[in-house]
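Worksheet: one structure, shown below.
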Amino acid sequence: MLVPKGYSWKAAKARLPPSRAVWHVLRNTRFLLFVGLAGIILILWRSMGSAAGEMQRFYCWGPAKAPMQMTPNENAEWHGHMQTPVIFNHHRPIEVNESSISHVDLNVIKSTPKADANQERVLILTPLRDASPYLQKHFDLLTQLSYPHNLIDLAFLVGDSTDDTMAALAMELDRVQKTSDAFNSAMIVEKDFGVTHGQDVEDRHGFAAQGPRRKAMGRARNYLLNTALKPEHSWVYWRDVDIVDSPKKIIEDFVAHDKDVLVPNIWFHRYQEKNGKKVDIEGRFDYNSWVESPEGLKLAATLDKDTVLAEGYKEYKTNRKYMAKMGNWRDDKDEEMKLDGIGGVNIIVKADVHRSGINFPCYAFENQAETEGFAKMALRAGYGVYGLPNYIVWHIDTDEKPGNA
């Protein structure tokens, strides 16, 4: 390093204060206080600068007053600046691989008037007891249904039978399910309830048998329903085995009405000779589909709560309005009427009605049981119960006496 001429390090060193003096200054209390105070000021200044930047970043523009106290101009100024930032924290979906856990989405199961177009599944339920003579005709009519068979599931309950119902049913199902137009599935449920009364007209439809019989039938229907109903079903079609004729499009016809519970009129063919010719009297069968009357309500109020009021018998004069005595198959088949009680020969129900707990009482519910109790229960829950007086489904002729239908 070049230095001026005549200048040396020794001369420079001689100008420096002695080290003792330097240490004396450094250890001086005033000097140490000055250094400490200067450090504190520097730290505060840097922190204030950082905080000011953060405050500037999240400053909420606008008057320092509550929004309700702002003038329209102040409110516009407030909202004219940047809005409060929103951070969306999107979560990754949960993946469940445990095979024992299943998921059922009933929100997608609908019951609509265009069931076939919407590929809605229909469950046909039939309770059976000593029914072997009727099964061939029953399956002949089922196979003629125009509703897509791949959307239909069949289920049967066989209980307390003394004949060959189980074998006959198995053979008919095996025959039908081997065809190219087989149904989606078929189920047989076997359950005995200890029923011993006979199946002839007197035993089945005599007044004394009605209470126990209807309760037992309600129990059988509930067992069948709770076993066969699956989440994919939109409609439940209750169809008795002793129907001898019904329209092929009965499912499409009924769902088009978009009713919670719907039944047809049930008649039977009986040919009697008049003036040398056989004449069909077109007998009226099902007196369990009715409209309530003031007399019926008054009578029920006098009965014990456990008494089942059997309809269509002289023992109970209700003066109810029977759908069986109304209608004509030659008139408009889509005419509707509200009902308070229904029979069980042919019922189409939206599946959600059953899922909501509306079933067939095997006890006296408002002095009714089975299908009539079902109608009372559905109405109590706010569902609609309707009948089609001009839409006829033909039942076998049981050769019953008037007043004992």
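The values are calculated or read from the model by the stated rules, or taken from the named source; none is laboratory data. Keep in mind that what you see is a predicted model, and the values were worked out from it rather than measured. Quick reminder, even Gly has a Cβ in these numbers, built from the backbone with ideal geometry, and neighbours come from all protein chains shown. With ligands, DNA and RNA removed, areas are computed over all heavy atoms of the protein, side chains included. Shrake-Rupley method; radii C 1.70, N 1.55, O 1.52, S 1.80 Å.
Overview of values
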item	result
Amide proton proximity set for LYS321, modelled H, under 5 Å, gap of 5+	VAL291
Solvent-accessible area of SER99 with every protein chain in place, 1.4 Å probe, in Å² to the nearest 10	110
For VAL189, distant residues with modelled amide H under 5 Å away	PHE156, LEU157, VAL158
Given charges at beta-carbon only (K, R positive; D, E negative), |dipole| of the range 116-395 in Debye	460
Accessible surface, the chain, averaged per residue in Å² (probe 1.4 Å)	61
Highest-fluctuation residue, GLU315, GLU273, GLU120 considered, GNM on the chain with Cα pairs under 10 Å	GLU273
VAL104 paired with SER185, simple spin-label distance in nm, labels 7 Å along Cα-to-beta-carbon	1.1
For the range 302-405: rounded, prolate or oblate by the Cα gyration tensor [a/c cutoff 1.5]	oblate
Accessible-area composition of the range 116-395, carbon plus sulfur, in percent [1.4 Å probe]	48
For the range 116-395: Kirkwood Rh in Å [reciprocal of mean 1/r, alpha carbons]	19.4
Solvent-accessible surface (1.4 angstrom probe) belonging to TYR316, in square angstrom, nearest 10	40
Kyte-Doolittle mean at least 0.5, axial Cα span of 30 Å or more - DSSP H helices of the chain	29-57
Most to least packed among 352-362, 369-379, 328-338 [average Cβ atoms within 10 Å]	369-379, 352-362, 328-338
Backbone HN-Hα couplings from phi across the range 355-360 [Karplus 6.51/-1.76/1.60, Hz, Gly and Pro as x]	4, 7, x, 8, 10, 10
Whole-Hz ³J(HN,Hα) from phi, Karplus 6.51 cos²θ - 1.76 cosθ + 1.60, for the range 240-249, glycine and proline x	6, 6, 9, 7, 10, 6, 7, x, 5, 9
Cut-off 12 Å between beta-carbons: net charge of the residues surrounding VAL385, Lys and Arg +1, Asp and Glu -1	0
Residue-span extension gain [TRP78 to LEU37] - 0.36 nm each, minus C-alpha spacing	10.6 nm
For TYR391, distant residues with modelled amide H under 5 Å away	ASN265
Relative packing of 32-38, 142-148, which averages over residues the other C-beta atoms within 10 Å, highest first	142-148, 32-38
